[in-house]
Amino acid sequence: MTEQKIFIIGLPRTATTSVCVAMLKLGFKTSHTAYTKESMDTAQVIADTPIFCDYQKLDIEYPNAKFIYLERKCSSWLPSIRQLLTRMLKNLQRTDGGFNPTLKRCYNTVFSPITIDNIGKDDFLLSCYQAHQQGIYNYFKNREQDLLTIDVSDENSFQALLAFLDIDARQTDLKGFERINIGGKVTAWKQIKSPLKIEATKKGKVDRVRP
């Protein structure tokens with residue numbers, strides 16, 4: 001593998017899909033989530049699970065990778081993540097199926113302990129957001145060249161992304177991030193068609209997780 005990996009390490013509901021769509025249009029092989037070694041190795045840009053949870057391990061496994069942390073105003077993020085976690089809770093907690101083991105591990109690690117009561121508490125969700133954020137800042141201290149932090153609602157965020165990736169703005173017709181997954185929707189990525197889009201699974205199957 002000679003391509004430099006770019007890992008998007010923002011939490012769910014921070015515009016990971018919008019950034020992934022932009023990366024596709026900028027010419028990067030992109031996967032929004034990756035649950036097989038093949039998808040992890042093939043994609044140059046990867047977001048969401050397991051990236052937001054495993055970024056430290058991936059930093060070691062893929063030397064010279066770049067990382068993009070996505071911020072979002074808490075007043076917008078809180079209702080959005082609450083809606084998502086409420087929908088996901090049953091399948092996150094099931095022991096007889098539900099979501100795949102990697103997805104379960106990531107959510108249950110970052111949003112621990114995930115219960116219906118905690119999901120309803122702003123303080124709990126904010127503490128999860130802030131702990132994740134502080135962990136990133138601590139880990140990348142003195143490595144500013146490896147980490148870009150943006151809020152896609154900031155009008156300068158797209159230009160910051162291009163600069164971080166050493167892309168000349170004059171070489172692309174793309175001028176910013178599209179708003180995607182509005183109103184609590186989370187399925188927009190499935191509708192995206194691109195030869196550069198890398199599937200997260202192998203025909204719906206994920207790699208077996210070693211105990």
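The values are calculated or read from the model by the stated rules, or taken from the named source; none is laboratory data. This is a predicted model, so every value here is computed, not measured. As a convention, Cβ positions derive from the backbone with ideal geometry for all residues, glycine included, and neighbour counts pool all protein chains shown.
Quick test of your reading of the structure: R72 fulfils all but one of (1) assigned to a helix (DSSP H, G or I); (2) farther than 17 Å from I6 by Cα. Name the failing condition by number.
The one condition R72 does not meet is (1).
Being in contact with a strand residue (DSSP E or B) (Cβ under 6 Å, 6 or more places away or on another chain) and not aliphatic (A, V, I, L, M) is the filter here, so list the residues in the stretch 18-43 that pass it.
Of everything in the stretch 18-43, those that are in contact with a strand residue (DSSP E or B) (Cβ under 6 Å, 6 or more places away or on another chain) and not aliphatic (A, V, I, L, M) turn out to be C20, F28, T30, S31, H32, T36, S39.
Let me confirm something: among R72, R94, R105, which residue is at pLDDT below 95 and over 18 Å from Y139 (Cβ atoms)?
When all the criteria are applied, what remains is R94.
Can you tell me which of L70, L58 is surrounded by fewer than 21 Cβ atoms within 10 Å (Cβ to Cβ) and of a type in the set (A, V, I, L, M)?
L58
Does K141 meet the test of being exposed (fewer than 12 other Cβ atoms within 10 Å of the Cβ) and either more than 21 Å from S76 (Cβ to Cβ) or modelled with pLDDT of 95 or more (or both)?
Yes: the conditions hold for K141.
A quick yes/no check of all residues on (1) surrounded by 13 or more Cβ atoms within 10 Å (Cβ to Cβ); (2) of a type outside the set (A, V, I, L, M); (3) under 17 Å from V21 (Cβ atoms); (4) at pLDDT 95 or above:
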position	(1), (2), (3), (4)
S112	no, yes, no, yes
F124	yes, yes, no, yes
Q134	no, yes, no, yes
L147	yes, no, no, yes
I150	yes, no, yes, yes
E155	no, yes, no, no
L165	yes, no, yes, yes
Q171	no, yes, no, no
E178	yes, yes, yes, no
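Which pairs have Cβ atoms under 7 Å, sit 6 or more apart or on different chains, and link a residue in the stretch 148-159 that is among the β-branched types (V, I, T) to one that is surrounded by fewer than 17 Cβ atoms within 10 Å (Cβ to Cβ)?
So the pair list comes out as I150/A160.
Go through the stretch 68-87 and report how many residues are touching a helix residue (DSSP H, G or I) at 6+ places or on another chain (Cβ under 7 Å) and without any contact (Cβ under 8 Å) to a residue 60 or more places away in the chain.
5
Kindly provide the set of residues from the stretch 24-48 that are in a loop (DSSP other than H, G, I, E, B), over 17 Å from L11 (Cβ atoms) and either in contact with a Leu (Cβ under 6 Å, 6 or more places away or on another chain) or small (G, A, S) (or both), ordered by number.
The initial filter retains those residues of the stretch 24-48 that are in a loop (DSSP other than H, G, I, E, B), namely 26-29, 33-36, 43-44, 48.
Subset that is over 17 Å from L11 (Cβ atoms): 26-29, 35-36, 43-44.
Once the filter is applied, which keeps residues that are in a loop (DSSP other than H, G, I, E, B), over 17 Å from L11 (Cβ atoms) and either in contact with a Leu (Cβ under 6 Å, 6 or more places away or on another chain) or small (G, A, S) (or both), the stretch 24-48 yields G27, K29, A43.
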